[in-house]
Amino acid sequence: MFDWKGYINMTMNKPPRQLLVRALGFVKNKEIAIDLGAGALNDSKYLLDYGFKKVIAVDNEENLDLINKINNKDFVFKKMAIEDYNFLENKFSLINAQFVLPFIKKEKINQKIDNIKDSLEDGGIFVGQFFGVRDGWHSKLGVSVYTEEEVKNFLTNLDIAYFQEEEKDGQTAMDGEKHWHLFHFIAKKN
């Protein structure tokens, strides 16, 4: 299992993920953003500072100190698994899913991706990553990996604004060295 509380403590006060920053260049409407697997809330804070009218953070772990520091009436935290979140149709201008989609149960991923796509408003942006089949965590309990074809199928009916496969050896926040195989994407709903 993963030590998510430790991960949050190790990643506090980091800058926003660069893929999120890149995705904001495609955002036309700054109404409601959701930060899935929000962790240490770094991206959530950035989205509020960027001018979104409302930001919802969803995560299994709840750090009340971090939540209380945000002190913004336009911020909502939901302590729950992404699989349990009730995505409403045509609600979000931006759905941020940084390094969290691989942790959704494989048997639920198709339904959740469909829910996510349906919850984007027209012109809404979906940004995140999937782990590829050569990722060092491919056999780790609770991690799902996908082929490029599977990832592109998840993004069907969205315009892919950015797609990059990345493979490298590098550090994790807590577990030391790892082989990374990632598919980064930014996609837009028409």
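Among Asp135, Asp49, Asp118, the largest mean-square fluctuation in a Gaussian network model of the chain, built with springs joining Cα atoms closer than 10 Å, belongs to Asp49.
Backbone phi angles across the stretch 15-31, fed through the Karplus curve with coefficients 6.51, -1.76 and 1.60 (θ = phi - 60°), yield HN-Hα couplings of x, x, 4, 5, 5, 5, 4, 4, 5, 4, x, 9, 6, 9, 10, 9, 7 Hz in residue order; Gly and Pro are listed as x. DSSP assigns beta bridges within the chain; of those with both partners inside it, close to 50 percent run antiparallel. When the pairs Lys54/Lys168; Lys30/Lys69; Lys73/Lys108; Lys53/Lys188; Lys54/Lys108; Lys14/Lys73 are compared against a 29 Å limit on Cα-Cα distance, Lys54/Lys168; Lys73/Lys108 fall above it.
When Lys140, Lys117 are sorted by how many other C-beta atoms sit within 10 angstrom of their C-beta, beginning with the fewest, the order is Lys140, Lys117.
The order of Phe163, Phe75, going from fewest to most other C-beta atoms within 10 Å of their C-beta, is Phe163, Phe75.
Once the chain from Val21 to Val143 is taken as fully extended at 0.36 nm per residue, the excess over their C-alpha distance is 41.4 nm. Helical content alone sets the calculated 222 nm signal of the chain at -7500 deg cm²/dmol, taking -39,500 (n - 2.57) per DSSP H segment of four or more residues and averaging over every residue. A cut-off of 5 Å between modelled amide H atoms, ignoring neighbours fewer than 5 places along the same chain, links Ala38 with Val58, Asp59.
Taking a sphere under 11 Å around the Cβ of Tyr46 and counting the other residues whose Cβ falls inside, with K and R at +1 and D and E at -1, yields a net charge of 0.
Projected onto their three principal axes, the Cα atoms of the chain cover extents of 41, 38, 28 Å, largest first.
Counting every other Cβ atom within 10 Å of each residue's Cβ, Ile34, Ile113, Ile82 order from fewest to most as Ile113, Ile82, Ile34.
In whole Å, what is the distance between the alpha-carbon centres of the stretch 106-134 and the stretch 29-61? If we compute the Cα centre of each part, the gap is 17 Å. Distances between placed amide hydrogens fall under 5 Å for Leu120 paired with Asn90, Lys91, Phe92, all partners being 5 or more residues away or on another chain.
Near Asn29: Cβ cut-off under 13 Å, other residues only, Lys/Arg at +1 and Asp/Glu at -1. The net charge is +4.
We did not get these values from a lab; they are worked out from the coordinates using the rules stated. All values derive from a computational prediction rather than experimental measurement. Glycine also receives a Cβ, built like all others from the backbone with ideal geometry; neighbour counts cover every protein chain displayed.
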